[in-house]
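Accompanying notes for the structure given below.
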Protein chains: 4
Amino acid sequence: MSAARLLVSCPDRPGIVAAISSFLFESGANIIDSAQHSTDPEGGRFFLRMEFQLDEFDAQRTQLEAAFEQRVARRFAMEWRFASGQKTCAILVSRQAHCLLDLIWRWRSNELGADIAGVISNHRDLAADVTALGVPFTHVPVETARKDDAEAKLLSLLAGRVDFLVLARYMQILSPHFLEQIGVPVINIHHSFLPAFVGANPYRRAYERGVKLIGATAHYVTEELDEGPIIEQDVERVSHRLGVAELERVGRDIERTVLSRAVRWHSEDRVIVDGRKTFVFD
Amino acid sequence: MSAARLLVSCPDRPGIVAAISSFLFESGANIIDSAQHSTDPEGGRFFLRMEFQLDEFDAQRTQLEAAFEQRVARRFAMEWRFASGQKTCAILVSRQAHCLLDLIWRWRSNELGADIAGVISNHRDLAADVTALGVPFTHVPVETARKDDAEAKLLSLLAGRVDFLVLARYMQILSPHFLEQIGVPVINIHHSFLPAFVGANPYRRAYERGVKLIGATAHYVTEELDEGPIIEQDVERVSHRLGVAELERVGRDIERTVLSRAVRWHSEDRVIVDGRKTFVFD
Amino acid sequence: MSAARLLVSCPDRPGIVAAISSFLFESGANIIDSAQHSTDPEGGRFFLRMEFQLDEFDAQRTQLEAAFEQRVARRFAMEWRFASGQKTCAILVSRQAHCLLDLIWRWRSNELGADIAGVISNHRDLAADVTALGVPFTHVPVETARKDDAEAKLLSLLAGRVDFLVLARYMQILSPHFLEQIGVPVINIHHSFLPAFVGANPYRRAYERGVKLIGATAHYVTEELDEGPIIEQDVERVSHRLGVAELERVGRDIERTVLSRAVRWHSEDRVIVDGRKTFVFD
Amino acid sequence: MSAARLLVSCPDRPGIVAAISSFLFESGANIIDSAQHSTDPEGGRFFLRMEFQLDEFDAQRTQLEAAFEQRVARRFAMEWRFASGQKTCAILVSRQAHCLLDLIWRWRSNELGADIAGVISNHRDLAADVTALGVPFTHVPVETARKDDAEAKLLSLLAGRVDFLVLARYMQILSPHFLEQIGVPVINIHHSFLPAFVGANPYRRAYERGVKLIGATAHYVTEELDEGPIIEQDVERVSHRLGVAELERVGRDIERTVLSRAVRWHSEDRVIVDGRKTFVFD
């Protein structure tokens, strides 16, 4: 028996759950987890994630998808997809190791939810560590004047080979052209503070402002820098006793935790994006 | 359109969601929220909470229940119940006001989820405050040698008049006989620490032990004192700088938060009890 | 024996603690709590809070202050002040009761740290509740075209009578002129989100953006709206299952908790302001 | 300039801070951080941690200690010690890697606060990982019938070579004899739940009981198993949606965080033990 997932979003109206669950039941599937959400039963949008077991899902997938489209999806104007098996990602990183190592460790402990195809960095610093942990490492340097070349190289390495990308403190901005070409979701992590500090030296500015909470946000990358749909956020309390370096240490801990959670949820198809917003069926 | 809830638990097997959602759809109901959980798709137990809108639910409730029993529940050996409208509770309290006042305030702000029929106390201390807030107050003193009389008085005041009881720091132990006679759920709040301190002066002992977290637990009352199914728990960090009185202050804040959440979730039929465990569809 | 506090800030250099503690010891004081912080032992700034007991502090205060200035403060170029007794505040509020009632309750439970002289509102909605709780209520309406009149009225009611003001969801902006004239600290509470939402309907925008954390910030009011030194912040996790009204409910809970903590810390002279930053010796 | 720490505990009475800070000032030291706590100014106990910079501290340490004993400590019946430089620890581990790898990683990032002399395990499972990270690994098997031999071997490897031991999920109980012979602090980590589950399969029992919080406690090891002074505790919220394996995953994350914090605080001499309690000057 394989486990598979069905993800659906459509305009809300009566009968959706009955239609989907009857279809799956009649197809021989056993629903093992289900979650749904409606933004508004009157004129809102409906989101559903179902996890089910079905004998030889992969073998009969094409047939099942055709039947679902015809008998259910069309009637409710659904956006939908089935998913099965484990996703594969590549990790892009610059010099800071904390997020990367956390992801690799969890992968080795079978708790990441995804497979890691390899690590790509614009620096060589982390090559030895990554290789020692059994993950392929590729160095793709980025020269300021020749960013396009670097992105072309990334595309040639990645396109068609991974289900999503993780930016684990990758300090380069990916161009809209790259995002369009790569065609898979890209997950990023960045610090977050209240009040918000955009630009250079955020931890120093947080220190100078005396913030009482340090945070991090994991989000999907869109053309609007750091403004894509939020997958996960967390914070930790800090006191005035912590200097800039200690705030950065706290920040690293939150970043790795938040990014790992986001990657796991994405890998398990628990995140549905709707415009600038996500629904996370954790 | 009235909103109603359906709560179901049964042995897990394929077809449950399809059967329930088809029944509701065919009955003209619009599902607006749904959550389910299976302890194990193979031989485990299945739990479901559905919230739906249905024209004139109350008028056709008897008929609907009979049909559900016949067409769905019997087939899957379900324990089930429909619920609609707002529940009514009574609050039992001794001398400490913090949980009680929080409940009353939230009731006045329409965020408690339940109606408060009245407050009963074994002391007169809080009579003026409660009355000023527009809630009936009844004094039912408890003499150590005559606890049965007090419980008989409580029963005569409460039986058949409330949907559940809240012990908001009520410092009397209710007898198994009372619990059986009252026949409705009773929600209690108590402090909780790691390591666990049973008995007198828990905050002093927590202080002497140097605990770093202060907590509270809301649970359903069973014959086993403080051992009933847990509805909600929370903690707050404390430092050695806090004395016993300040730990108690922190404890009061957590108690009122945790109890209010538990009451709201219970009121909205979000809690399903299974043996010594709860499933909270928050 | 009265308890008193000494607050000091000055350029850091060796000998400060020795000088202060020797002075207090020779004056017959018993230090019962002490905390200090240096932004940098080399060329940084030093902050200290000492709590001490001293026989007849109030009677000999003038003499003690003169001696401290002469023998200690001058040598180290200190900004300093002694404080004793309980501070008195006034609360300004508009229509929302949650922060106000939390403050009044804690005041009645002797856990606010300050005395409440009265409540002033630009609406009459909360008059009955406040009066029933034994606190004087004054209605000072604010007409858009005649804000100066309202502020003049506030000044005539408050000037010289309170040690600080608390804006417990007071939906009027106080003018720089008012802040200068009132001459005492003003503590405000506002929601806070990541990313930051300035302007109208912040909870709706947070909902539309799918934020995972709801927060609140208590700060001193300066001429820069919502940009004054932060005293306290906190957040709570929220899920996509919460609608706008429920996010607001969560927000109210955080606001009242954060504001009450900020008021208590300010009342106990635990907050030292340095430019746009605070040091909180909690 | 070297940084050093002074830790003091003694019966509380006036003049302690003045005596200590004057001594340090006159010795040419510059206090860069200081924290103190009194359990009760009248008849309680006083605790102090001072961090200071002093030219050639190590060279003049013996002389300084003698002077401090004579001029300050004796007068106030102090327990005291100076500390300087970095501590060295050894880590004992069984099969689970999560706490161990977190400690090693922080050590490599210079954020552990201590040096790691080596790792000892009663199993060979983690040998390759530890060695690859540049840390010596020693296998000391423990046969049930010959525990004394294993402890003797541990003593021969460790005695006199480390400042403290860390049990990073070491699933063997150390005998009172070993603890006495090793003569250095031993830090342990264990899960913690409310209600408390002693014995086998704690996560399964927590799951069956429906706990809402999963926690971990780091403590000094004493002869009373898991009852030594608590250094740090933390918890994370969990829902009924998590199975036993997922509760264990959450538990691992808290364990590694809590243990790393405890090790750092101990390494920086921030923890003062008083009977069964700790004061943590974080």
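The helices (runs of 4 or more DSSP H) found entirely in the stretch B:83-158 that carry 1 or more residues being within 23 Å of residue B:179 (Cβ to Cβ) and in contact with a His (Cβ under 9 Å, 6 or more places away or on another chain) are B:147-158.
Out of the strands (runs of 3 or more DSSP E) lying entirely within the stretch C:188-282, which hold 1 or more residues that are among the small types (Gly, Ala, Ser) and either assigned by TED's automatic domain parsing to the domain that holds residue C:106 or under 30 Å from residue D:238 (Cα atoms) (or both)?
On the way: elements: C:213-220, C:230-237, C:271-274, C:277-280.
Fully inside the stretch C:188-282 and qualifying: C:213-220.
Tallying residues that are on the phi < 0 side of the Ramachandran plot and surrounded by fewer than 21 Cβ atoms within 10 Å (Cβ to Cβ) within the stretch A:20-29 yields 5. Within the set C:131, C:62, the sole residue that is within 30 Å of residue B:252 (Cβ to Cβ) and surrounded by fewer than 21 Cβ atoms within 10 Å (Cβ to Cβ) turns out to be C:131. In this structure, does residue A:147 turn out to be of a type in the set (D, E, K, R) and touching a strand residue (DSSP E or B) at 6+ places or on another chain (Cβ under 8 Å)? So residue A:147 fails the test. Of the residues D:210, D:228, D:199, D:251, the single one that is touching a His at 6+ places or on another chain (Cβ under 9 Å) and either charged (D, E, K, R) or on the phi > 0 side of the Ramachandran plot (or both) is D:210. Looking at this structure, is residue B:167 out of contact with any Phe, Trp or Tyr (no Cβ under 7 Å at 6 or more places or on another chain) and either more than 17 Å from residue B:227 (Cβ to Cβ) or without any contact (Cβ under 8 Å) to a residue 24 or more places away in the chain (or both)? No.
Against the test of being out of contact with any Cys (no Cβ under 7 Å at 6 or more places or on another chain), at pLDDT 95 or above and more than 9 Å from chain A (Cβ to nearest Cβ), the options C:224, C:180 yield a single qualifying residue, C:180. Kindly indicate whether residue A:79 is more than 13 Å from chain B (Cβ to nearest Cβ) and on the phi > 0 side of the Ramachandran plot. No: the conditions fail for residue A:79.
Take residue B:255 and tell me if it is facing chain D (nearest Cβ under 9 Å), modelled with pLDDT of 95 or more and buried (at least 21 other Cβ atoms within 10 Å of the Cβ).
Working: facing chain D (nearest Cβ under 9 Å): no; modelled with pLDDT of 95 or more: yes; buried (at least 21 other Cβ atoms within 10 Å of the Cβ): yes.
Considered against the rule, which asks whether it is facing chain D (nearest Cβ under 9 Å), modelled with pLDDT of 95 or more and buried (at least 21 other Cβ atoms within 10 Å of the Cβ), residue B:255 comes out as no.
Among the residues here, residue A:112 does not qualify as out of contact with any strand residue (DSSP E or B) (no Cβ under 7 Å at 6 or more places or on another chain), free of Cβ contacts under 8 Å to residues at least 40 places away in the same chain and crowded, with 19+ Cβ neighbours inside 10 Å.
Of the residues in the stretch C:157-167, at least one is at pLDDT below 95 and either surrounded by 16 or more Cβ atoms within 10 Å (Cβ to Cβ) or under 19 Å from residue C:93 (Cα atoms) (or both). Restricting to the stretch A:136-149, count the residues that are out of contact with any Lys or Arg (no Cβ under 9 Å at 6 or more places or on another chain), hydrophobic (A, V, I, L, M, F, W, C) and surrounded by 15 or more Cβ atoms within 10 Å (Cβ to Cβ). Here the count works out to 1. When restricted to residues that are among the hydroxyl-bearing types (Ser, Thr, Tyr) and farther than 17 Å from residue A:223 by Cα, the stretch A:146-186 contains 1.
Taking the numbered list (1) within 20 Å of residue A:100 (Cα to Cα); (2) of a type in the set (S, T, N, Q); (3) under 18 Å from the mean Cα position of the chain (by Cα) in turn, residue A:222 passes all entries but (1). Keeping to the stretch B:203-219, report how many residues are more than 8 Å from every other protein chain (Cβ to nearest Cβ) and surrounded by fewer than 20 Cβ atoms within 10 Å (Cβ to Cβ). The total comes to 2. When residue C:99 is tested against (1) in contact with a helix residue (DSSP H, G or I) (Cβ under 6 Å, 6 or more places away or on another chain); (2) within 9 Å of chain D (Cβ to nearest Cβ); (3) closer than 30 Å to residue A:207 by Cα, just one condition goes unmet, and that condition is (2).
With A:234, A:226, A:274 as the choices, which residue is of a type outside the set (Ser, Thr, Tyr) and either more than 30 Å from residue A:152 (Cα to Cα) or buried (at least 18 other Cβ atoms within 10 Å of the Cβ) (or both)?
Every option except A:234 fails the conditions.
Among the residues of the stretch D:221-236, just one is touching a strand residue (DSSP E or B) at 6+ places or on another chain (Cβ under 6 Å) and under 20 Å from residue A:106 (Cβ atoms), namely D:236. Applying the condition of being out of contact with any helix residue (DSSP H, G or I) (no Cβ under 9 Å at 6 or more places or on another chain) and within 14 Å of chain B (Cβ to nearest Cβ) to the stretch C:128-156 and asking which residue is nearest to residue C:264 (Cα to Cα) yields C:131. Does residue C:82 satisfy the criteria of being among the aromatic types (Phe, Trp, Tyr), more than 23 Å from residue B:107 (Cβ to Cβ), within 24 Å of the chain's Cα centre (by Cα) and surrounded by 15 or more Cβ atoms within 10 Å (Cβ to Cβ)? Taking the combined requirement at face value, the residue satisfies it. Quick one: in the stretch A:183-202, of everything that is farther than 21 Å from residue A:98 by Cα and within 14 Å of chain C (Cβ to nearest Cβ), which residue is surrounded by the most Cβ atoms within 10 Å (Cβ to Cβ)? This residue is A:194.
The values are calculated or read from the model by the stated rules, or taken from the named source; none is laboratory data. Everything quoted here is computed from the prediction, not taken from an experiment. Cβ atoms come from the backbone with ideal geometry, glycine included; neighbour counts cover every protein chain shown.
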